[in-house]
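Here is the structure we will look at.
The values are calculated or read from the model by the stated rules, or taken from the named source; none is laboratory data. This is a predicted model, so every value here is computed, not measured. Methodologically, a virtual Cβ is constructed for each residue, glycine included, from the backbone with ideal geometry; neighbour enumeration extends over all protein chains shown.
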């Protein structure tokens with residue numbers, strides 16, 4: 001009886017993508033682990049989910065968004081809507097990339113900036129702070145977080161090229 005050799009490519013792909021999301025959540029939610037230049041916080045999970053969703057189908061992107069959002073919600077005890085937000089974001093980005101847009105680094109930067117801008121302006125508006133908070137925290141956080149979009153794009157592109165999941169049909 002001949003043993004067939006199993007292909008673990010799919011498992012390696014999932015482990016690498018989920019591991020990147022978990023490490024990103026650890027960097028974002030642990031106090032003092034990531035620098036805050038000029039008081040600007042890095043919202044790393046938003047560009048990470050956007051870039052991850054660009055290389056996945058809608059279901060997998062939704063699940064990676066759920067993982068990232070649940071990890072963010074565990075580290076943040078004030079607002080617990082991140083899981084819903086990142087699920088919708090991941091599914092929407094994957095659907096747009098599959099049907100309408102090309103998968104390039106420029107598109108990753110545009111989609112990340114739109115998602116970050118929407119999230120940060122919503123949080124700023126709901127917090128009730130004045131324009132000083134917008135200028136001194138929200139906009140620097142947007143710029144600081146947007147720096148990491150190309151980094152995440154290159155990481156998830158390398159994961160996709162190394163362990164590409166090939167459909168059977």
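Structure above, values below:
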| item | result |
| --- | --- |
| Test: residue in segment 114-128 that is touching a helix residue (DSSP H, G or I) at 6+ places or on another chain (Cβ under 6 Å) and within 30 Å of residue 164 (Cα to Cα) | yes |
| Selection within segment 1-59 - at pLDDT 90 or above, within 22 Å of residue 120 (Cβ to Cβ) and outside any helix (DSSP H, G or I) | 44, 54 |
| Qualifying residue in segment 72-85 (condition: in contact with a helix residue (DSSP H, G or I) (Cβ under 6 Å, 6 or more places away or on another chain), free of Cβ contacts under 8 Å to residues at least 12 places away in the same chain and in a helix (DSSP H, G or I)) | yes |
| Test: residue in segment 45-65 that is under 28 Å from residue 139 (Cα atoms) and surrounded by fewer than 19 Cβ atoms within 10 Å (Cβ to Cβ) | no |
| Answer residue from segment 99-147, given it is in a loop (DSSP other than H, G, I, E, B), free of Cβ contacts under 8 Å to residues at least 40 places away in the same chain and farther than 19 Å from residue 38 by Cβ and is nearest to the chain's Cα centre (by Cα) among those | 104 |
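Residues are listed down the side, and each one gets a yes or a no for (1) at pLDDT 90 or above; (2) surrounded by 14 or more Cβ atoms within 10 Å (Cβ to Cβ):
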{"residue": "70", "(1), (2)": "yes, yes"}
{"residue": "73", "(1), (2)": "no, yes"}
{"residue": "81", "(1), (2)": "no, no"}
{"residue": "86", "(1), (2)": "yes, yes"}
{"residue": "90", "(1), (2)": "yes, yes"}
{"residue": "94", "(1), (2)": "yes, yes"}
{"residue": "109", "(1), (2)": "yes, yes"}
{"residue": "115", "(1), (2)": "yes, yes"}
